[in-house]
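Below is one structure, written out as structure tokens; the observations come after it.
Since every read-out is calculated from the coordinates, none of them should be taken as a lab result. Owing to the predicted nature of the structure, the values given are computational and were not obtained by experimental measurement. Cβ placement follows ideal geometry from the backbone for every residue including glycine, while neighbour counts extend to all protein chains displayed.
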Amino acid sequence: MNIIDLFAGAGGLSEGFRKAGFNIVAHVEMDKSACNTLRTREAYYYLKSSNKFKLYLDYLEKKISREQLYEQVPSRVLNNVIESEISNKTFSSITSIIDERLKSSPNNHIDIIIGGPPCQAYSYVGISRDPNRMKDDPRNYLYRHYIRFLKKYKPKFFIFENVKGILTAKNGTIFKSLQKSVLRAGYKIDYKVLNSKDFGVSQNRERVILIGWKNIYQFKFPEFNIVPEPVNIKQLFNDLPPLNAGESIDGLKKYRKRAKIANSFIRPQEWNILSQHITRSNNEKDLLIYKLVVDTWNKEKRLLKYNELPNELQSHKNKESFLDRFKLVRLEDISHTVVAHISKDGHYYIHPDVNQNRSISVREAARIQSFPDDFYFEDSRTAAFKQIGNAVPPLMAYHIALILQEYLNQTNKKSIIS
């Protein structure tokens, strides 16, 4: 079944759907680094299916360049990634590329559309930081472009993902308008606030998941009963070797060999190349704060507030609000929400091992988001963190995809029998 992924980012949603057996006709994304990541993932799947997978391993081990990797992949595969802003000006050019791709597909229609517009205009943090409360931000209305794709391709289903703030943005008028527009386009809809931890992801991450389906289907929002429960951070990081701030392991066979693999979705038993276990360099002041934060947690099981730091470590004048400026990822629990701000600093994601004394690595952040260890994020460390923080956890997407796959398969069987 064919899928379009709109506002695709690094491809968390499409990765989950692909793992469930769906065919991604197009990823549409404007961020250059995210598009490079999507192209590399397309190369991964192509090379894996054509008995040329050693080329991908060579790339991870730095034996060949990205250009050399892409030279081994047909352009039609890499062109699944449409690097473009979604707007009134670009709609026709984007859809013409998709239409051309559908001509060569055995199934020449789109079955599902997935994606979620950028969430900054709806996020509580984004609204609090903007003096106009995001009221005039054009990203408030990107959902309208999503609906244009629904009207053109008339998929059986669609998945729309966003932050909880979309429910209340502009006093709820935006979400009500979205619902009315979807209904006029011929779809029934339902939504819930779902938490990624209920899908086996080692992260407490709440998001609005809206599912729409054509009026002809007798469908209702599913109940998800996912087993097993997510592993904690200690188990999740168990096989990763320790690093100090500024150190990295990228493209080497450096896992702890005797460590138990905690999540086979993230690291299959046979996978042995550790990539992007890359940490930030931190200044001496930050490292002293990190150590105090971890020591306080270990001794008192509480988070150290900013105004409790020694005076010489306090650089902000505001000592009455935003006192949780530093937060560790707890060993014995799942992580708090990983967001794109991790690309700016790691103060909210301090590693719980006081001996390592650093913020979490790119690979550790990717694991918290449930990205497989064979997933490579392109360009800089900063770009990788941003892509990870903005993504939908692939494991969550995978379980949603399985439910839709089961329903559509049953529906197809009934139609064939009748």
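Go through region 101-107 residue by residue and turn each phi into a ³J(HN,Hα) via Karplus (6.51, -1.76, 1.60, θ = phi - 60°); whole Hz please, and just put x for glycine and proline.
Once θ is set to phi - 60°, the couplings for region 101-107 become 5, 5, 4, 9, 8, x, 10 Hz.
At q = 0.06, 0.07, 0.14 Å⁻¹, what log₁₀ I(q)/I(0) does the chain have when each alpha carbon counts as one equal point scatterer in the Debye sum?
Summing over Cα pairs of the chain leads to -0.26, -0.35, -1.36.
Net charge within 14 Å of Glu29 by Cβ-Cβ distance, Lys/Arg positive one each and Asp/Glu negative one each, not counting Glu29 itself?
The answer is -4.
Quick one: go through region 295-313 and flag any residue whose amide nitrogen is under 17 Å from the point 7 Å out along the Cα-to-Cβ line of Arg330.
Answer for this model: 295-305.
First obtain the Kirkwood hydrodynamic radius of region 225-281 from its Cα pairs, then insert it into the Stokes-Einstein equation at 20 °C and 1.002 mPa s, and state the resulting D in µm² per second as a whole number.
Taking Rh from Cα pairs, D becomes 172 µm²/s.
Through the Karplus equation 6.51 cos²θ - 1.76 cosθ + 1.60, θ set to phi - 60°, convert the phi angles of region 41-48 into ³J(HN,Hα) values in whole Hz; use x for Gly and Pro.
For region 41-48, the Karplus curve yields 5, 4, 4, 4, 5, 5, 5, 5 Hz.
Pop a pseudo-label 7 angstrom from the Cα along the beta-carbon direction at both Asn107 and Asn225 and give the gap in nm to one decimal.
Computed distance between label sites Asn107 and Asn225 equals 2.7 nm.
Straight distance only, please: which lysines reach the Cα of Lys319 with their own Cα at less than 25 Å, same-chain residues fewer than 8 apart left out?
Result set, ordered by chain and number: Lys285, Lys291, Lys299, Lys301, Lys305, Lys327, Lys344.
Which value results when the Cα radius of gyration for region 147-279 is divided by 2.2 N^0.38 Å? Display every interim value, and only then the final one.
Numbers: Rg = 20.7 Å, N = 133, 2.2 N^0.38 = 14.1 Å.
Its radius of gyration relative to the 2.2 N^0.38 Å reference: 1.47.
5 Å is the cut-off here: which amide hydrogens, built 1.01 Å from N in the peptide plane, fall below it relative to Gln203, excluding neighbours closer than 5 in sequence?
So Gln203 has HN proximity to Lys197, Ser335.
Compute the Rg/Rh shape ratio of region 294-345: radius of gyration over Kirkwood radius, all on alpha-carbon atoms. Intermediate values should be presented prior to the final figure.
Values: Rg = 12.5 Å, Rh = 12.7 Å.
When Rh is taken as the Kirkwood radius, the ratio is 0.98.
Measuring from centroid to centroid over Cα atoms, what is the spacing of region 224-302 and region 32-48 in Å?
Each part reduced to its Cα centre gives a spacing of 25 Å.
What number comes out for the charge environment of Glu206, summing +1 per Lys or Arg and -1 per Asp or Glu over other residues with Cβ under 15 Å away? Don't jump to the answer; show the numbers that get you there.
Numbers: positive: Lys164, Lys192, Lys197, Arg205, Arg207; negative: Glu161, Asp198.
Neighbour charge sum, excluding Glu206 itself: +3.
Taking 7 Å along the Cα-to-C-beta vector as the label spot, tell me the Lys234-Arg66 distance in nanometres, rounded to one decimal.
3.9 nm
Once every DSSP H run of n ≥ 4 in the chain is given -39500 (n - 2.57) and the sum is divided by its residues, what mean residue ellipticity at 222 nm do you get, rounded to the nearest 500 deg cm²/dmol?
Value at 222 nm, helices only: -10500 deg cm²/dmol.
Can you give me the relative contact order of the chain as a percent, contacts being Cα pairs under 8 Å and 6 or more apart?
For the chain, the relative contact order is 18 percent.
For the pairs Lys19/Lys253; Lys63/Lys254; Lys32/Lys54; Lys19/Lys220; Lys156/Lys197, note any where the Cα-Cα span goes beyond 21 Å.
Flagged as over cut-off: Lys19/Lys253; Lys32/Lys54; Lys19/Lys220; Lys156/Lys197.
Round to the nearest 0.05 the FRET efficiency obtained for Lys48 and Ile261 when R0 = 25 Å and r is the Cβ-Cβ distance.
It comes to 0.80.
Dipole size in debye (nearest 20) for the chain around its Cα centre, Lys and Arg Cβ +1, Asp and Glu Cβ -1?
900 debye
On a 0 to 90 degree scale, rounded to 10, what angle separates helix 143-153 from the longest Cα axis of the chain?
Value to nearest ten degrees: 40.
Across region 373-387, in residue order, what do the Karplus-derived ³J(HN,Hα) couplings come to in whole Hz, using 6.51 cos²θ - 1.76 cosθ + 1.60 with θ = phi - 60° and x for Gly and Pro?
For region 373-387, the Karplus curve yields 5, 8, 8, 10, 9, 7, 6, 7, 4, 4, 4, 5, 4, 4, 4 Hz.
Taking neighbour Cβ counts within 10 Å as the exposure measure, how do Leu183, Leu78, Leu178 sort from fewest upward?
Least to most surrounded, the residues fall as Leu183, Leu78, Leu178.
Where does the charge balance sit around Phe221 when Lys and Arg score +1, Asp and Glu -1, over other residues with C-beta under 12 Å from its C-beta?
Net of charged neighbours comes to +1.
For the pair Asn204 and Ser380, how long in nm is the line joining their label points, each one 7 Å along Cα→Cβ?
Going from the Asn204 label point to the Ser380 one covers 3.2 nm.
Ratio to report: Rg/Rh of region 219-367, with Cα atoms as the point set and Rh obtained by the Kirkwood method; give two decimals.
Working: Rg = 17.2 Å, Rh = 16.9 Å.
That ratio equals 1.02.
List every residue whose amide H lies under 5 Å from the amide H of Ala26, counting only residues 5 or more places away in sequence or on a different chain, with H placed 1.01 Å from N in the peptide plane.
Ile3, Asp5
Amide H neighbours of Tyr255 under 5 Å, at least 5 residues apart or on other chains, H built in the peptide plane: list them.
Here Leu274 satisfy the definition.
What is the calculated FRET efficiency for Glu83 to Glu300, with r their C-beta to C-beta distance and R₀ = 45 Å, to the nearest 0.05?
0.35
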